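These notes concern the structure reproduced below.
The values are calculated or read from the model by the stated rules, or taken from the named source; none is laboratory data. Nothing here was measured: the structure is a model prediction, and the numbers come from that model. Reconstructed Cβ throughout: ideal geometry from the backbone, glycine too, with neighbour counts over all protein chains shown. These area figures cover heavy atoms from the full protein model, side chains too; ligands, DNA and RNA do not enter into them. Shrake-Rupley method; radii C 1.70, N 1.55, O 1.52, S 1.80 Å.
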Amino acid sequence: MAASHRMVLGPLVGSIDQGTSSTRFLVFNAETAELLSHHQVEIQQKFPKEGWVEQDPKEILQSVHECVEKTCEKLQQLNIDITNIKAIGVSNQRETTVVWDKTTGEPLYNAIVWLDLRTQSTVEQLLKRIPGQNKAFFKFRTGLPLSTYFSAVKIRWLLDNVEGIQQAVADGRAMFGTIDSWLIWSLTGGKNGGVHCTDVTNASRTMLFNIHSLEWDPELCQFFDIPMEVLPKVRSSSEIYGLMVCFLKSGALTGVPISGCLGDQSAALVGQMCFQDGQAKNTYGTGCFLLCNTGQKCVFSEHGLLTTIAYKLGRDKPVCYALEGSVAIAGAVVRWLRDNLGIIKTTQEVEKLAAEVGTSYGCYFVPAFSGLYAPYWEPSARGIICGLTQFTNKNHVAFAALEAVCFQTREILDAMNKDCGIPLNQLQVDGGMTNNKVLMQLQSDILCIPVVKPSMPETTALGAAMAAGAAEGVGIWSLNPGDLTAVTCERFEPQINPEESEFRYARWKKAVVKSMGWETSQAPSNGKSE
């Protein structure tokens, strides 16, 4: 009986979803896209100095091992045969930078996370070498402004400041990668023949990649003074990169191909089935990321959005591009209320606190902990809470924190509508925070359009699984529009009048202005004011 039960399921695909705050491994049925089991582990973030954000690459790798192990155990308890896992996809937090020693397999420094601000002075030094100190100088080649956000300046900082990395580069031992590269290299053998590669979506976030030729750009590497030999080979988002090397006690998954790789936001776009020009999704994770598929044409923003690679689903398939609005702090503000202020014990509590008051009572929270990203690109901004009175309590602050996520989304949606010319008539959403119904209703109220949430919110992992299952040589997941399963959704409709929404949004914009120009990178070291 058990054996026949296992036969019914058909091929399965595993998905490693390595995010900023946690790692997950999820297993999907390739024929129905049903999520069968998963396991999640929270990742520690280190803040060694103000503005610095690091993670331990070995902890990240260990968390992947643990998630795979635990998910396989859960599948066996469900009487599901794990030998049916025929492919594995990887989706990852983008830009986060790892440099490791290919002879020992050891990281040469902690991973510098995308949110990290230590490179502000590096950015300022580099700007001095650009005509007119124009941040957008490389925009038409990379799609990106010069910012602390992208990998190139992080690598530059590591080369300037870490002796062990300078030496490893000189000896030809150093390898650079974003998290996808570190994981794929480690999981396909590491120092014993691991595959050093990345995909086009992750490469497009380094600022070293030409998004037209789809190759590392020698002139950009020269500008940032980064040796090209440390860079991974760039592949499509859906092809067999290498085979899993055994690390599970059971020996399970040995020899299973890793055949899908997408930066997390691209993966969510695929998982939301946004394959048509003009389709968009917003993901609520540590940050908030709104991506709109622009098809095979590169669209450049006039309103502070990035141009990025959406996906290339096969070696011989065309590349598709997207416009992206990036917000640094979304779910991270809730984690901050929990870990730094202690006003909640679990992240779920924020919904309860906010619901009790149903208003911020004129309190506005601009969580510019890492400066402001889109549409401002203002690294000197810092977080502020304003509009406080003696009446304000922790419930109002919790509500203001959720509202901040919604206002930031409204700003990037406004920019997207201006760039595309066709306003979105609804917003497709996903990510961990979408479980918060207060947030979803607030989002609809502030945007004045419906918000549509799929009943299976793990769209990032689903996107990586789709890419892996559809790869040439695997071929167990069809991406033909007719074969894609229709997704059931929950809808949130606007419940306040547009005038009230506009009034609150105008107050928010006033608060944003007050958060700007706060920080200078040349702060006095003696603690006295300038």
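Some points to look at:
- Restricting Lys58, Lys74 to those that are more than 15 Å from the chain's Cα centre (by Cα), without any contact (Cβ under 8 Å) to a residue 40 or more places away in the chain and within 22 Å of Met244 (Cα to Cα) reduces the list to Lys74.
- Residue check, Thr96 without any contact (Cβ under 8 Å) to a residue 60 or more places away in the chain and buried (at least 24 other Cβ atoms within 10 Å of the Cβ): no
- Helices (runs of 4 or more DSSP H) (entirely within segment 250-364) containing at least 1 residues that are open to solvent by 10 Å² or more (accessible area, probe 1.4 Å) and without any contact (Cβ under 8 Å) to a residue 12 or more places away in the chain: 349-357
- Looking across segment 427-441, the residues that are touching a Phe, Trp or Tyr at 6+ places or on another chain (Cβ under 9 Å) and open to solvent by 10 Å² or more (accessible area, probe 1.4 Å) come down to Gly431, Gly432, Met433, Asn436, Lys437, Val438, Gln441.
- Close pairs (6 angstrom Cβ cut-off, 6 or more residues apart or separate chains): closer than 12 Å to Glu378 by Cα and at pLDDT 90 or above in segment 500-524, open to solvent by less than 80 Å² (accessible area, probe 1.4 Å) and not aliphatic (A, V, I, L, M) anywhere: Met516/Glu378
- For segment 24-52, a residue qualifies if it is closer than 17 Å to Asn110 by Cα and open to solvent by less than 10 Å² (accessible area, probe 1.4 Å), and exactly one does: Ile43.
- Residue that is nearest to Pro367 (Cα to Cα), among those in segment 509-522 that are open to solvent by 80 Å² or more (accessible area, probe 1.4 Å) and touching an Asp or Glu at 6+ places or on another chain (Cβ under 9 Å): Lys509
- Elements of the type helices (runs of 4 or more DSSP H) sitting completely within segment 97-177 and holding at least 3 residues that are over 27 Å from Leu306 (Cα atoms), touching a strand residue (DSSP E or B) at 6+ places or on another chain (Cβ under 8 Å) and not hydroxyl-bearing (Ser, Thr, Tyr): there are none.
- Those strands (runs of 3 or more DSSP E) of segment 193-248 in which 2 or more residues are closer than 21 Å to Ala467 by Cα and open to solvent by 10 Å² or more (accessible area, probe 1.4 Å) occupy 233-235, 238-243.
- Condition check for Ala401: modelled with pLDDT under 90, surrounded by 24 or more Cβ atoms within 10 Å (Cβ to Cβ) and touching a helix residue (DSSP H, G or I) at 6+ places or on another chain (Cβ under 7 Å): no
- Looking at Leu127, Leu187, just one residue is farther than 17 Å from Lys58 by Cα and open to solvent by less than 70 Å² (accessible area, probe 1.4 Å), and that residue is Leu127.
- Of the residues in segment 22-41, none is touching a strand residue (DSSP E or B) at 6+ places or on another chain (Cβ under 8 Å) and either assigned to a helix (DSSP H, G or I) or over 24 Å from Met244 (Cβ atoms) (or both).
- No other residue among Gln76, Gln93 is out of contact with any Leu (no Cβ under 9 Å at 6 or more places or on another chain) and modelled with pLDDT of 95 or more apart from Gln93.
- Only residues that are more than 29 Å from Arg24 (Cα to Cα), surrounded by fewer than 17 Cβ atoms within 10 Å (Cβ to Cβ) and not small (Gly, Ala, Ser) were counted across segment 99-124, and they come to 1.
- Flag if Gly177 is open to solvent by 10 Å² or more (accessible area, probe 1.4 Å) and of a type in the set (Gly, Ala, Ser): no
- Residue match in segment 57-71 (condition: open to solvent by less than 30 Å² (accessible area, probe 1.4 Å) and within 19 Å of Ser204 (Cα to Cα)): no
- Conditions (1) of a type outside the set (S, T, N, Q); (2) open to solvent by 50 Å² or more (accessible area, probe 1.4 Å); (3) more than 26 Å from Asn417 (Cα to Cα); number of the one not met by Arg491: (3)
- Which listed residue is out of contact with any Leu (no Cβ under 6 Å at 6 or more places or on another chain) and surrounded by 14 or more Cβ atoms within 10 Å (Cβ to Cβ), from Ala506, Ala468: Ala468
- Across segment 138-170, the qualifying residues are those that are open to solvent by 10 Å² or more (accessible area, probe 1.4 Å) and under 22 Å from Ala381 (Cα atoms), and the one among them that is modelled with the highest pLDDT is Trp157.
- Residue that is in contact with a Lys or Arg (Cβ under 8 Å, 6 or more places away or on another chain), charged (D, E, K, R), over 29 Å from Val256 (Cβ atoms) and at pLDDT 95 or above, where the choices are Asp199, Asp217: Asp217
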